[in-house]
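Below: the structure, in structure tokens.
The values are calculated or read from the model by the stated rules, or taken from the named source; none is laboratory data. What you see is a predicted model, and the numbers here were worked out from it, not measured in a lab. Counting neighbours? That spans all protein chains shown, and the Cβs are built from the backbone with ideal geometry, glycine included.
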């Protein structure tokens, strides 16, 4: 009993997927999503600050941008053969948002400078499995959210180079629930819930080079943030005869690193109307080697314990295009390939991660010279991935994570509005 409960929650908390490995949102700007979420080599408007603070001084006008995406995500599970058991996550919609503002002096001593702020949600998801599903003792539901607030400043050296940087204040919230394999006299299983929040500081750096008006090269780095959950609520609902093993007003503490991201991008104007771009992102998931979960009060069945995760750094490769349809309208398409950081034997039900391929489309239209509307649609499909008993034995996670086959599909529409002045 002790092993089942403690190690299950260790895997849930230590999983980078909880904070966005499998569901690393990458939904910072709607017009960028239309081009496979490429942002490092561009300086269209204030939304590019979140991607590359080096673009700040290249943004042509002061302005604001704000919008939201709507995530429709479904994960399916198939039990190992010869069983025919299947399950799907419950329908739910999340609304990751982004808001950006930039100030660009048009003349004077500060005309080569720019300053702005971005607020966005880089990590987060919500997964609810049907009540009583086969792996209810590993996970029943999870809800998480993170918000980054990033003030930035940038400087433009002539017409060629832009550099910039900024601080990041991160806020994270998580709620995890699972059933416990202990039942009362009526056969009702116990319930466990962990609820906590954390804050952390980091930074972002960026460089933009424009050797030609039709060519732009960008590089950016977003640092790792270590989220420290202190005295989160550890709540248990069990039969009264078991309350001594699961203190009702317990707490927990843990440190959850959110990994660094290094991006390189290039955009080129093929014609006066067509621009193509490519970007590669390297995410430092290898920071997740182990996490220690510290309960405020221990019992024989509830002990503190470390647990391995052993994630690997992973790449995302992006390709997109933008077409200037007319004076006020732009069309976009894109695709990307996202490699998983999760090694065999470590896949968990909250975000059963695998390599994914995504396709996107977008449209921008200026209603006036200052006001524009942007639309995007992103479709993500993960590869079907099986986790076998041999995988668990090789990773040393037998009894800690389930066997079976998982696949995730997502549809993510988005809308934003921009105003320049």
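Summary table
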quantity	calculated
Considering residues of the range 51-78 that are at pLDDT 95 or above and assigned to a loop (DSSP other than H, G, I, E, B) only, the residue surrounded by the most Cβ atoms within 10 Å (Cβ to Cβ)	52
Boolean, residue 272 is assigned to a loop (DSSP other than H, G, I, E, B), touching a residue at least 40 places away in the same chain (Cβ under 8 Å), over 16 Å from the mean Cα position of the chain (by Cα) and surrounded by fewer than 18 Cβ atoms within 10 Å (Cβ to Cβ)	yes
Residue within the range 238-248 that is under 25 Å from the mean Cα position of the chain (by Cα) and outside any loop (DSSP other than H, G, I, E, B) present	no
Residue match in the range 307-317 (condition: surrounded by 15 or more Cβ atoms within 10 Å (Cβ to Cβ), assigned to a loop (DSSP other than H, G, I, E, B), in contact (Cβ under 8 Å) with a residue 60 or more places away in the chain and touching a strand residue (DSSP E or B) at 6+ places or on another chain (Cβ under 7 Å))	yes
Scan of the range 211-234 for residues that are more than 20 Å from residue 50 (Cβ to Cβ) and buried (at least 17 other Cβ atoms within 10 Å of the Cβ), ordered by number	229, 232, 234
Filter result for residue 398 (in a loop (DSSP other than H, G, I, E, B), at pLDDT 95 or above and surrounded by fewer than 16 Cβ atoms within 10 Å (Cβ to Cβ))	no
Candidates 263, 267, filtered to the one that is in contact (Cβ under 8 Å) with a residue 60 or more places away in the chain, assigned to a strand (DSSP E or B) and more than 22 Å from the chain's Cα centre (by Cα)	267
Within the range 331-359, tally of residues that are in contact with a helix residue (DSSP H, G or I) (Cβ under 6 Å, 6 or more places away or on another chain) and not in a loop (DSSP other than H, G, I, E, B)	0
Residue under evaluation residue 108, criteria (1) over 24 Å from the mean Cα position of the chain (by Cα); (2) not in a loop (DSSP other than H, G, I, E, B), criterion not met	(2)
Residue identified as over 30 Å from residue 321 (Cβ atoms), buried (at least 16 other Cβ atoms within 10 Å of the Cβ) and in contact with a strand residue (DSSP E or B) (Cβ under 9 Å, 6 or more places away or on another chain) among 140, 156, 150	140
Condition broken by residue 416, with the remaining ones in (1) within 25 Å of residue 39 (Cα to Cα); (2) in a loop (DSSP other than H, G, I, E, B); (3) in contact with a helix residue (DSSP H, G or I) (Cβ under 8 Å, 6 or more places away or on another chain) satisfied	(2)
